[in-house]
Each structure stands twice: as structure tokens, then as C-alpha cells.
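Heads up, the thing below is written out as C-alpha cells.
The values are calculated or read from the model by the stated rules, or taken from the named source; none is laboratory data. Note that the structure is a prediction, hence the values are computed from the model and not measured. Using ideal geometry, Cβ is built from the backbone for each residue, glycine included, and neighbour counts are taken over all protein chains shown.
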There are 2 protein chains.
Amino acid sequence: MTETADISARLRDGLRRLAKAVVVVTTQHRSQRYAMAATAVSELSMDPPSLLICVNRTAGLHAPLATGAGFCLNILHSSQAAIAAACSGGLTGEQRFEHGAWANRNGLPCLEGAQANFLCRNERSIDHGTHTIFIGLVEEVLTSGRPDPLVYVDGRYTGVQE
Amino acid sequence: MTETADISARLRDGLRRLAKAVVVVTTQHRSQRYAMAATAVSELSMDPPSLLICVNRTAGLHAPLATGAGFCLNILHSSQAAIAAACSGGLTGEQRFEHGAWANRNGLPCLEGAQANFLCRNERSIDHGTHTIFIGLVEEVLTSGRPDPLVYVDGRYTGVQE
């Protein structure tokens, strides 16, 4: 147990250096919208065009995704740190959509002015430990503005250097 | 076909905005060392402590990983762009280790001065499309220096803003 706790602490410390664009994952299920800021997102395959996200089983978004609901991955612009905060902190449910302009595309909440929106069909899921990997088949991609994403590193939000 | 090609192009365009720390994945199998720069890396679970990488089946590193070889994920420092280039371009095999100082830890090539090194047991693999997801059980984590990772965004290497 102690050894596991030690490695978990060192893992967290190491991961503070794994800089990542901040993504808000959204879904809609039975008329209810869900949003969650995440960095555990990765490109997976070009054929079929696929992305993956890792979601903690305790996250509110997990249950609708586990039923097979599709999802949208919204890469935030460097000016959208307030949206990241709203989608990761104390706010829940619909309150998380009070920051930013949200459209509905293909039945999914889609953030306007995001760096990119990836509309995904929920293709497959794999449980592993505390999390589930959801693989999305990318059905549509929108981009907006010049590349300037919000980045999470060392416990803070920032941007990339010019 | 055309539709798939279109979505693949839009996916690539959108992914240019998914800024990511640059990781060099290494492994060693039958005395041969392999290294590959990658951004398709994600934290997965804290219990058990797990990371994942997505590797194209055509990559040289895929075959040893498919046999179950362990791997090391090395997060590059912002000053290590030359190592990223060496591990993604025309160089192959041992030539990729000519840049940077490489130690051997637990039988795996481990980059000195990297932001972090995650030594992983090859726990599980999942094939999907052109790629395989390899899940690593994190057995050791080393960190070095203050957080200042190399980041890949919009087709170029850079760092994060202060």
C-alpha cells in the first residue's frame, strides 16, 4: 500500500510536466448536458479517424458515456481558462455551460470559438483501474481562429510560446 | 473513400491545435534499443498507476512492444528539440540514441535531463485501426529540473509561456 502511494505521488509529480492542451469533453443524454475539463485525451488512429479519452468512473460524465452516448471534444483557446475552471471545479450540471457560447451540433454541446471541436460517435470502451477509455469515431471536425490553445502544465493554465 | 479522406484531413488539421508535451518512447528487446518521438500519450489511472501510448503498427517500436517488452516514456525538456527530431526523422535504430545522454534503468533506455522518465511494465494492449494502445503499469518515475517541457503544436516545437 505504501509503495503504491509512493508511486502514485511520483506519478502525479511527473505528470505535472506532461503539458497538454485543455479539452472540455461534452455529452448529452436524455436531454441533460454534461461537460468536464480533461487532459487525458489522445489522437489514436487515422483510419478509422479515432480519438480516445480516459474518464474517471466517479465523474458525472462517466454514466452517460457508459450508456454509449456520443461526445464532443472541444480544445480551448488560450483565452478560455474561465471555461476550463467552470468545467472542473465546484459547478455541476447545467451551471458548467454558463461560461462560453454553446451550440448544439448533432445533439452534442459544441463550444463556439474553441480551437477545435471533434464530434465523436462512442465507438468502444475499455475499463482499466479507476478509469474507462472511451474511443470516439470522429464524425466531424470544426476549427476556429489561428492555433493558440490553452495549455495545462505544472498545475496552472498558460499558453504556448510564439 | 472521399468522405473518409476529408474527415482525416480535418482531423489532422484539428489535431494541430491539440498541443502536447513531446515524449520519446523507448524500449529494449533482445539487446536492441528502440526510440520514437510521440505525442499520443495519456495519463490513464492512478490505481493502478497507469499510462497509455498509441503506436502505429508500422512503427519500428511496435514489434518489440507487441511481444510485451516494457517501455520508458521520457518527457523532453524545452532544450531537447534535437532529440525529438532525431527520434522522429530519417534516423533509425541505434542512430536515434546519438543525441542526448542515455542511461539504462531496469533494462530500458532512460534519457538523462528529461523532464520526467516513467518506467513501465507492458501491461495490456488493445488494437484499434492503424494503431495499438499499449497500457503501461508505472513502476518508477524520475523527474529532473524545473517544469519546462518541449511542446509540439501547429507542426512546430516550442515551450510553454511563463
Conditions (1) more than 18 Å from A:His29 (Cβ to Cβ); (2) away from chain B (no Cβ under 12 Å); number of the one not met by A:Asn117
(2)
Would you be able to say whether some residue in the stretch A:15-26 is more than 10 Å from every other protein chain (Cβ to nearest Cβ), at pLDDT 95 or above and in contact with a Pro (Cβ under 6 Å, 6 or more places away or on another chain)?
yes
Considering residues of the stretch A:134-152 that are among the hydrophobic types (A, V, I, L, M, F, W, C) and either surrounded by fewer than 24 Cβ atoms within 10 Å (Cβ to Cβ) or more than 17 Å from the chain's Cα centre (by Cα) (or both) only, the residue farthest from the other protein chains (Cβ to nearest Cβ)
A:Leu137
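Here's the yes/no breakdown for (1) farther than 26 Å from A:Phe134 by Cβ; (2) over 14 Å from the mean Cα position of the chain (by Cα); (3) not β-branched (Val, Ile, Thr):
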{"site": "B:Val41", "(1), (2), (3)": "no, no, no"}
{"site": "B:Ser45", "(1), (2), (3)": "no, yes, yes"}
{"site": "B:Pro48", "(1), (2), (3)": "no, yes, yes"}
{"site": "B:Asn56", "(1), (2), (3)": "no, no, yes"}
{"site": "B:Leu65", "(1), (2), (3)": "no, no, yes"}
{"site": "B:Phe71", "(1), (2), (3)": "no, no, yes"}
Which numbered condition in (1) over 17 Å from the mean Cα position of the chain (by Cα); (2) at positive phi is the only one that A:Glu98 fails?
(2)
Only one of B:Arg96, B:Arg124 that is closer than 20 Å to B:His62 by Cα, touching a residue at least 12 places away in the same chain (Cβ under 8 Å) and either at the interface with chain A (Cβ under 9 Å from one of its Cβ atoms) or not in a loop (DSSP other than H, G, I, E, B) (or both)
B:Arg96
Please give the number of the condition B:Thr58 fails out of (1) of a type outside the set (D, E, K, R); (2) within 14 Å of another protein chain (Cβ to nearest Cβ); (3) crowded, with 21+ Cβ neighbours inside 10 Å.
(3)
Restricting the stretch A:80-104 to residues that are loosely packed, with under 15 Cβ neighbours inside 10 Å and touching an Asp or Glu at 6+ places or on another chain (Cβ under 8 Å), the one nearest to A:Val151 (Cα to Cα) turns out to be A:Ala101
Checked pairs for the stretch A:44-66, first under 17 Å from B:Asp13 (Cβ atoms), second part of a helix (DSSP H, G or I), C-beta under 6 Å and 6 or more apart or across chains, list as A:Met46/B:Ser8; A:Pro49/B:Ile7; A:Pro49/B:Ser8; A:Pro49/B:Leu11
Look through the stretch A:109-132, keep the residues that are aliphatic (A, V, I, L, M) and within 20 Å of B:Ala19 (Cα to Cα), and return whichever of them is surrounded by the fewest Cβ atoms within 10 Å (Cβ to Cβ).
A:Leu119
Checking B:Glu162 against (1) under 29 Å from B:Gly14 (Cβ atoms); (2) part of a loop (DSSP other than H, G, I, E, B); (3) more than 8 Å from chain A (Cβ to nearest Cβ), the condition it does not meet
(3)
Search result, residues across the stretch A:80-93 that are within 14 Å of another protein chain (Cβ to nearest Cβ) and either free of Cβ contacts under 8 Å to residues at least 12 places away in the same chain or hydrophobic (A, V, I, L, M, F, W, C) (or both):
A:Ala81, A:Ala84
In the stretch B:99-121, residue nearest to A:Ile7 (Cα to Cα) [restricted to those that are touching a residue at least 24 places away in the same chain (Cβ under 8 Å) and either among the small types (Gly, Ala, Ser) or assigned to a loop (DSSP other than H, G, I, E, B) (or both)]
B:Ala116
If we ask which residues in the stretch A:16-36 are surrounded by fewer than 22 Cβ atoms within 10 Å (Cβ to Cβ) and at negative phi, their number turns out to be 6
Pick from B:Gly68, B:Gly89: which is in a loop (DSSP other than H, G, I, E, B), out of contact with any Phe, Trp or Tyr (no Cβ under 9 Å at 6 or more places or on another chain) and at pLDDT below 95?
B:Gly89
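Could we say that A:Ser79 is part of a loop (DSSP other than H, G, I, E, B) and over 27 Å from B:Thr130 (Cβ atoms) here?
Working: part of a loop (DSSP other than H, G, I, E, B): yes; over 27 Å from B:Thr130 (Cβ atoms): yes.
Spelling it out, A:Ser79 is indeed part of a loop (DSSP other than H, G, I, E, B) and over 27 Å from B:Thr130 (Cβ atoms).
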